[in-house]
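Remarks on the structure that follows.
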């Protein structure tokens, strides 16, 4: 089991992830990874205390890439993190780089 906690930040609508310091960040690479169900459940309970800041907190499966970085396991979560795949806007426009979602092209 390897999971991270994600949600949407209410003020901006951005996708956020919980890090080990119990802070919400925009990059899953630095998210806190839960290797057991008890810790994962505790993180969900913490998210429930943040109802004035978050919406729809849930756990997602992640994998380690060959270079040791975290990556969402599902294509849906990968797209959710990187933004739409049809044209530059939002996160992609800010980065000024096309994010290729492997397996969808």
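What ranking of 5, 44, 54 emerges when the number of other C-beta atoms within 10 Å of each C-beta is taken as an exposure proxy, fewest first? Please list the in-between numbers first.
Working: 5 24, 44 15, 54 19.
By the 10 Å Cβ count, ascending, the order reads 44, 54, 5.
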Open item on the list: At a 10 Å Cβ-Cβ cut-off, how would you order 23, 71, fewest neighbours first?
Closed with: 23, 71
TODO: Bin width 5 Å, alpha-carbon pairs only: give the P(r) of segment 1-40 as whole percents, running from 0 to the bin holding the largest distance.
DONE: 6, 28, 28, 22, 11, 4, 1
Open item on the list: Just want the ordering: 51, 4, from fewest to most Cβ atoms lying within 10 Å of their own Cβ.
Closed with: 51, 4
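Here, each number is a calculation from the coordinates, and none is a lab measurement. These numbers come from a predicted model, not from an experiment. Using ideal geometry, Cβ is built from the backbone for each residue, glycine included, and neighbour counts are taken over all protein chains shown.
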